[in-house]
Amino acid sequence: DIIKKFGSNSFDCVISHGMLEHYSDSEIIHFLKTQLSVAPLVIFVVPINSMSKKYRSKGFGDERYLSTKYWKELIKKDFFIQFIFGFGFKEIGLPHPFEVILKNNIISRILAPICGINEFWVTSKRSKSIF
């Protein structure tokens, strides 16, 4: 058990990239709860349903390409979403210069649903905001 190994709030943040999209909704909730037991903030990055077929073909084949809206609905039941950032214009077939636009956090949040990849910053509902 991770809590026995590390203890509650052993870390400032837990990060995963390209992992959660391989699991069921219930497993995702379980993983997030477990991660939030050892850190007050979880940041995870997942590809979303707007990712191009070209980039989807590079995956393992069991990825669930869910929409930003679906991720938000799934997460907000049990957790508080601090931020959602979008990036990955090349992953939806647009040229790289568009990636420069996403260096602005406000624009990145607005464009998240049309990007190829989303980054979620999540905390427990108890802590609401840590920023």
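Where a number appears in this text, it was derived from the coordinates with a stated rule and is not lab data. Being a predicted model, the structure only gives us computed values, none of them experimental. So basically every Cβ, Gly included, is an ideal-geometry build from the backbone, and we count neighbours across all protein chains shown.
Over 22 Å apart at the Cα level, from the set 33/53; 54/77; 33/72; 33/58, are 33/53; 54/77; 33/58.
Peptides 105-112, 60-67, 37-44, 48-55 ordered by packing proxy, namely the average of other Cβ atoms within 10 Å per residue, highest first: 37-44, 48-55, 105-112, 60-67.
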